[in-house]
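To keep things clear, I will list the structure first and then write my remarks on it.
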Amino acid sequence: MPRLAVGDLAPDFTLQTADGGSVTLSDLRGRHVIVYFYPAAMTPGCTTEACDFRDNLASLQSAGYAVVGVSPDELPALQKFVEAEHLTFPLASDPDRSVLEAWGAWGEKSLYGKTVTGVIRSTVVVDPEGRVELAQYNVKATGHVAKLRRDLKVA
């Protein structure tokens, strides 16, 4: 799958969220949006990453960033994840992987030395006009949010 690059128009999407609502990227125009893609709710790496976003949400929001997490999980799994980890930002369900594919976050990756097809842990920052301002693929779950804050110059 092709990956997004700085300056690309971010593909719009509307996805159902764990809270029973939905999130539409174009509805967030006028703000910076961090869209992060993760493989599976309730797994160790994904829990670490989600909790890091949760714990840094106030500083990201005060710097003008909204956060949306996207995975192929079904809504019940996302609802359990939100409740278990007290997550305070939208988690969106992309079970047909159409958004993951459009954003370059689905494809071949190496897992324990084997090539598999799945979610490529990725983060894309969208500017207020809907264009990609930062795209990071194959990120590590641990320490990623701290690195992202440095890259975005968020104190």
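The values are calculated or read from the model by the stated rules, or taken from the named source; none is laboratory data. None of these values were measured; they are calculated from a predicted model. Here Cβ is always computed from backbone atoms with ideal geometry, including for glycine, and neighbour counts include all displayed protein chains. For the accessible areas, the whole protein counts, side chains as well, though only heavy atoms, and no ligand, DNA or RNA atoms are used. Shrake-Rupley method; radii C 1.70, N 1.55, O 1.52, S 1.80 Å.
Consider SER62 carefully, then state whether it is crowded, with 18+ Cβ neighbours inside 10 Å, free of Cβ contacts under 8 Å to residues at least 60 places away in the same chain and farther than 16 Å from HIS144 by Cα. Working first, answer last.
Working: crowded, with 18+ Cβ neighbours inside 10 Å: no; free of Cβ contacts under 8 Å to residues at least 60 places away in the same chain: yes; farther than 16 Å from HIS144 by Cα: yes.
No, not satisfied.
Scoring THR24 on the criteria (1) open to solvent by 20 Å² or more (accessible area, probe 1.4 Å); (2) under 12 Å from the mean Cα position of the chain (by Cα); (3) over 20 Å from ALA84 (Cβ atoms) leaves a single failure, condition (2).
Of the listed requirements (1) of a type outside the set (S, T, N, Q); (2) touching a residue at least 12 places away in the same chain (Cβ under 8 Å); (3) in contact with a strand residue (DSSP E or B) (Cβ under 8 Å, 6 or more places away or on another chain), CYS51 misses just one: (3).
Among the candidates SER122, SER110, single out the residue that is surrounded by fewer than 16 Cβ atoms within 10 Å (Cβ to Cβ) and either in contact with a Phe, Trp or Tyr (Cβ under 8 Å, 6 or more places away or on another chain) or more than 17 Å from LEU4 (Cβ to Cβ) (or both). If you could, list the steps in order and put the result at the bottom.
Details: SER122 fails: surrounded by fewer than 16 Cβ atoms within 10 Å (Cβ to Cβ).
Going through SER122, SER110 in turn, just one is surrounded by fewer than 16 Cβ atoms within 10 Å (Cβ to Cβ) and either in contact with a Phe, Trp or Tyr (Cβ under 8 Å, 6 or more places away or on another chain) or more than 17 Å from LEU4 (Cβ to Cβ) (or both): SER110.
Scanning the stretch 125-141 for residues that are surrounded by fewer than 13 Cβ atoms within 10 Å (Cβ to Cβ) and polar (S, T, N, Q) yields a count of 1. If I go through the stretch 65-90 residue by residue, how many of them are within 12 Å of the chain's Cα centre (by Cα) and over 15 Å from LEU148 (Cβ atoms)? Total satisfying the criteria: 4. Among the numbered conditions (1) under 20 Å from PRO95 (Cβ atoms); (2) without any contact (Cβ under 8 Å) to a residue 12 or more places away in the chain, the only one that ALA40 does not meet is (2).
A quick yes/no check of all residues on (1) free of Cβ contacts under 8 Å to residues at least 60 places away in the same chain; (2) hydroxyl-bearing (Ser, Thr, Tyr); (3) more than 24 Å from VAL132 (Cβ to Cβ):
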site	(1), (2), (3)
VAL35	no, no, no
LEU57	yes, no, no
GLU74	yes, no, yes
LYS80	yes, no, yes
ALA102	no, no, no
